[in-house]
Structure formats: C-alpha cells, structure tokens
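Inspection log for the structure reproduced underneath, given as structure tokens.
Every number here is computed from the coordinates shown, using simple stated rules; none is lab data. Only a predicted model underlies this, so the values are computations on that prediction, with no experimental measurement involved. Cβ sites come from the backbone with ideal geometry, for glycine too, and all protein chains shown count toward neighbours.
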Amino acid sequence: MALTNLLPALLQAVMKGQPKALKDSHYPGWHLAPTTGLLNDPNGFIHFAGRYHLFYQWNGLGCQHQHKGWAHWSSDDLLHWQHEPVALLPDQEYDRSGCYSGSAVDNGGVLTLCYTGNVKFDDGTRTAWQCLAVQNSEGGFDKLGPAIPLPHGYTGHVRDPKVWRHGEYWYMVLGAQDLQLQGKVLLLRSENLWNWQNLGEIAGSGLGGLGAAGYMWECPDMFTLGGSTFLICCPQGIAREEKRYLNTYPSAWLGGQLDYTKAQFHHGEFHELDAGFEFYAPQTTLTADGRRLLVGWMGVPDGEEMRQPTVANGWIHQMTCLRELTSRDGKLYQQPIVELQALRGETRTWQGAADAMPVLDVQRLELILESAGEVTLNFADTLILQWQNDELRLARRSLETGEWLYRYWCGQARKLQILCDHSSIEIFINDGEGVMSSRYFPSHPAQLTLTGRAEVRAHYWSLRSCM
Ligand code: FRU
C-alpha cells in the first residue's frame, strides 16, 4: 500500500473522531489505548520542553502487526493525554516494512527520535537500519535517514535503540541476534547521534553466566537507579519454568554495574518484570522531578491476541498504567505513579472476613487489600486470583480453547494494590515487589467477589475516567 505525506494528518483526524472503539465497553477509561487499529510497544517516552511525550507502535489500518509507524501522545500531568500528529510512517526504502521501536532524546533542544527502519525481502530475509528523525515546527517529524547499518556478525534482527546521555557521549543499547542465533544486547557510543562506535555485547545468551537465554533480545532499556544499573529487555526464547516465564515472550530485568570505559555490564540473574498474562516491551524515562517511570505494552505478540473481542470493534491492546521504579537492595520495585491518586473518588474502607466483604463494581476500581490468610478474588467469573500463603495464582480461560490458564507470583504476599480499568487489571504485590498485569473481558456491569474466611483490611475507590 502506498503511503503519502498526507497520511499523518488524515490519521490524526481519524483518531480525533469517535470510532467504534470509544463506545466499546472494554475501552479503557484511564489507560492509553488506540482509538483505532493496533497498538504495541511504547516508544520515545520522554519529558521534553515541559511536556511528556509518549509514542507507540501503531497500525492505524487494522488490528494486525503490519504497517507499523509511530503515533504520538503528549501530556503535562501524566494523566490527561492528547493526540499529536502521527510521527512516523513507513514511507521510505529504509523503513518500508515498518518504523519499528526506539527512543527519543533532547538533542540540544531538538526532540529527536531514534528508531529502527525494518526492511523485509521477498525471500524471507530482512535487514534493519537505526534511523533518526527530528521534530518540525508543525509538531510532526522529518526523517533524517539511517545512521547505523546492520553491524557485522548479526542477522537482520537488530532493533529497538534506546539512547541516553552519559557524560560527553550518547550511548545506545540495541537488541540483536548473532549469527549463531543467540539473543544479545549491544552497547554503542556516539558524539553526535550520527557516527556510532559499536562497543560490543554487554549482555545476552551465553554471556555473564546466563547460559542459553534466547534467540533474540528485543526492546532493551538501561538506566541507573539507587546505585545499581538495570537492563530491562525482552529475551525471546528463554525456557519456560513451571511458574515463571509462561508467556509466549517474557520481559525481564538484570541488575548490576555498567563499566562504561570497558563496556562491560556485571550483572546478576534474570528476574521476570511482570508475572501476568499481558506485559511486554516496557520503556522508561525520567520525570521532571527525577523519578524513573516505566510504561509497558499490555499485550504479548504471537499468542492469542487476535482472539480478543475488541478486534471486532477495530482496535486492540492498551498500555499499562505508568509506574514509578525504585530500587532497594539491588532489586527493582514498581508502583503506580502517585498522580493516579487524583482519579480516586470517595475513599471506602472495610475490615472483616473476606466472605463478608461487599461486592465491588470493577469497571474502574482501585483496591488495596491486606491479609495474612487465604482469599479468592473472583472478577466477574472471568479472572480468578487465588491468594495463598506462599503464592498468588491468577487464572483465566484461554480465548482459543476455553481451558483455564494460570500465572503465578511466588512468595508471601501481604498486601495487594489492584487497579482495574474496563478490560485490564494490574496487581501490585507488597508495595511493588511484584506485579501481574492482564487483560480480561467481562461484560459490564461486572463485579468482584471475595471468598475465604481470612480477615482482610480493604481501602477502595472508584476511579474517574481521564481519557
Ligand atoms: C516488540 C517488537 C519490537 C519491534 C516492534 C515492531 O514487540 O517486536 O522488537 O521493534 O515490536 O512493532
């Protein structure tokens, strides 16, 4: 399909309209979602010139993984977001099969996007260019072209540049697959965003004591927090365990120290970033006041995604809520950003046996629950959370076969903070020690019922819409 320069404006008009998506009872009230078509990875998350910008992988033409460009929202409070002109569409030779994921930087006052130009050939092979684009006076982006060709020693799967400034240089982590089909993360350095030196592999399958760890690492992100350096990545092909890494592709973090001069990352073992059914390709940025925020795609590629009922209404997927990252003792914690508290209605509290707790409407709900016993939370018979002494077990039926599927968080949960928004749930465990994010598709009005004789203490709020 030929894509012209007119298309960004046309697509913006589509997004401003009132397509079927907005009338769908599954459409979120306070999470970001596409008003038409498919959304996947968050891209270019940045605080720039007093506003937050969040771009995303978008196919405005349908719910399939095709024609990827970057659509664009901005916000001044991290709650209310507005559509901006679509930033990138795959209209050049070097990005013709998709403007794939990447990041944004403030280059001397110019909002600059670093993205992957993906090119697929008829024989099934592909290549990738790491490209630049700069914001123009209309709020759109002008492509500057490819800065980095495919590095030697890697297949065409090299993508998802995350760029940051450290001292005198720009640094980039890049997801890659080597010629032995092992997933790797490369570190590159540049003085000017154009000329890049590949400093080598800093993490990946077979490196740093990890053993076999997948055939492709997508969407790397690297940052320092509380004295440790963290690498977030999506290692495709790591082995499923009985209770971890159960999604088609997982998201994980490694913590340690990056030696910039030797380009070596000394890190510990893998940790799953989110133990729910839907979470992938997260990206982080710094806020104006120095907090490290994360947003993820509440979806996973190549699974049952096309069975989701929203496809019938012309849209699919949403982002997670924005989360603040903190680190304690080298561990990463995630909590909903404090800004979200502004959505809370009247505070309600309850204490007593779980069985006796009032039934709650889950359409847009925040529930903070503390208990030392065993409790079952039933979300409209569509999603069941079993809170046991040594684990949480989340059950949901397969959209394909109807059989029950399970996800686990192993450990002693004392406190849950649960956020529901029409067709999504995010369960924060022990003030951010773990998270389980999942989509589910109840018919509204939908209720949450608790069972079990254990004593619970609850605070809860109905949440306002802000989209
Ligand atoms: C992750 C990913 C990225 C790629 C993008 C394409 O979900 O596969 O590696 O850049 O999505 O949409």
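Averaging the inverse of every distinct alpha carbon separation and then flipping it gives the Kirkwood radius. What is it for the range 33-164, in angstrom units?
Numbers: mean 1/r = 0.0669 Å⁻¹.
In the range 33-164 this quantity evaluates to 14.9 Å.
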(request) Bin all alpha-carbon pair distances of the range 179-261 at 10 Å intervals from 0 and give each bin's fraction as a whole percent. (result) 16, 46, 30, 7, 1
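Per residue, how much space in cubic angstrom lies within the convex hull of the C-alpha atoms of the range 10-107? Walk me through the numbers on the way to the answer.
Working: hull volume 10.1 nm³, N = 98.
With only Cα atoms used, the range 10-107 gives 103 Å³ per residue.
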(message) For a quick check of your reading of the filter: which chymotrypsin sites (Phe, Trp or Tyr not before Pro) in the range 123-155 sit in a DSSP loop and have no more than 10 other Cβ atoms within 10 Å?
(response) none
(request) Sort Ile337, Ile232 so that the residue with the fewest other Cβ atoms within 10 Å of its own Cβ comes first and the one with the most comes last. (result) Ile337, Ile232
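Take the residue pairs Lys23/Lys162; Lys68/Lys184; Lys20/Lys415; Lys120/Lys184; Lys243/Lys415; Lys23/Lys243 and return only those whose Cα atoms are more than 32 Å apart.
Numbers: Lys23/Lys162 35 Å; Lys68/Lys184 24 Å; Lys20/Lys415 38 Å; Lys120/Lys184 21 Å; Lys243/Lys415 21 Å; Lys23/Lys243 37 Å.
From the list (Lys23/Lys162; Lys68/Lys184; Lys20/Lys415; Lys120/Lys184; Lys243/Lys415; Lys23/Lys243), the Cα-Cα distance tops 32 Å for Lys23/Lys162; Lys20/Lys415; Lys23/Lys243.
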(request) Round to the nearest 10 and give me the degree value, 0 to 90, for the angle of helix 7-16's Cα axis relative to the longest principal axis of the chain. (result) 10 degrees
(message) To make sure I understand, if each residue's beta carbon is the centre and we count other beta carbons within 10 Å, what order do Asp381, Asp41 fall in, fewest to most?
(response) Asp381, Asp41
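Taking each pair of distinct Cα atoms in the chain once, what is the resulting Kirkwood hydrodynamic radius in Å? Please list the in-between numbers first.
Values: mean 1/r = 0.0443 Å⁻¹.
Hydrodynamic radius (Kirkwood, Cα only) of the chain equals 22.6 Å.
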(message) As a footprinting exposure proxy, order Arg291, Arg323, Arg396 by other Cβ within 10 Å, with the fewest listed first.
(response) Arg291, Arg396, Arg323
(request) Above 24 angstrom, tally the Cα pairs of the range 345-462 and express them as a % of all pairs, no decimals. (result) 18 percent
(message) Taking 8 Å as the Cα distance limit and 6 or more residues as the minimum spacing, I'd like the relative contact order of the chain as a percentage.
(response) 13 percent
(request) About the Cα centre of the chain, how large is the charge dipole given +1 on each Lys and Arg Cβ and -1 on each Asp and Glu Cβ? Please answer in debye to the nearest 20. (result) 260 debye
